[in-house]
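The values are calculated or read from the model by the stated rules, or taken from the named source; none is laboratory data. Every value quoted in this text rests on a predicted model; they were computed, and no experiment measured them. All Cβ positions, glycine included, derive from the backbone under ideal geometry; neighbour counts span all protein chains shown. All accessible areas refer to the heavy atoms of the entire protein, side chains included, with ligands and DNA or RNA removed. Shrake-Rupley method; radii C 1.70, N 1.55, O 1.52, S 1.80 Å.
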Amino acid sequence: MKIYCDKCYKEVKGDLFIFQKGKWYAGHEWCMMLLKEKYRDIGEDIALEKVE
């Protein structure tokens with residue numbers, strides 16, 4: 001099963017990272033950290049989890 005990043009829309013071939021903010025977001029670690037920053041700017045800290 002192929003999984004695509006919710007930020008850059010490329011296939012995730014290595015480690016998959018997820019977080020939840022209304023819906024689940026999944027993708028590359030760097031992309032998820034950048035996407036998560038948008039929510040941190042409005043005062044919400046969200047935990048980023050690595051999928052095993």
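Of all residues in the stretch 17-33, those being over 8 Å from the mean Cα position of the chain (by Cα) and touching a residue at least 12 places away in the same chain (Cβ under 8 Å) number 2.
Filtering the stretch 12-36 to residues that are open to solvent by 30 Å² or more (accessible area, probe 1.4 Å), over 17 Å from MET1 (Cα atoms) and among the aliphatic types (A, V, I, L, M) leaves MET33, LEU34. For LYS13, the requirement of being of a type in the set (Lys, Arg) and more than 8 Å from the chain's Cα centre (by Cα) is met. Within the stretch 1-49, the set of residues being acidic (Asp, Glu) and in a loop (DSSP other than H, G, I, E, B) comprises ASP6, ASP15, ASP41, GLU44, ASP45. For LYS50, indicate whether it is without any contact (Cβ under 8 Å) to a residue 24 or more places away in the chain, out of contact with any Gly (no Cβ under 8 Å at 6 or more places or on another chain) and not polar (S, T, N, Q). In short, no.
What do you reckon, is TYR39 open to solvent by less than 90 Å² (accessible area, probe 1.4 Å) and among the aromatic types (Phe, Trp, Tyr)?
Values: open to solvent by less than 90 Å² (accessible area, probe 1.4 Å): yes; among the aromatic types (Phe, Trp, Tyr): yes.
Yes: the conditions hold for TYR39.
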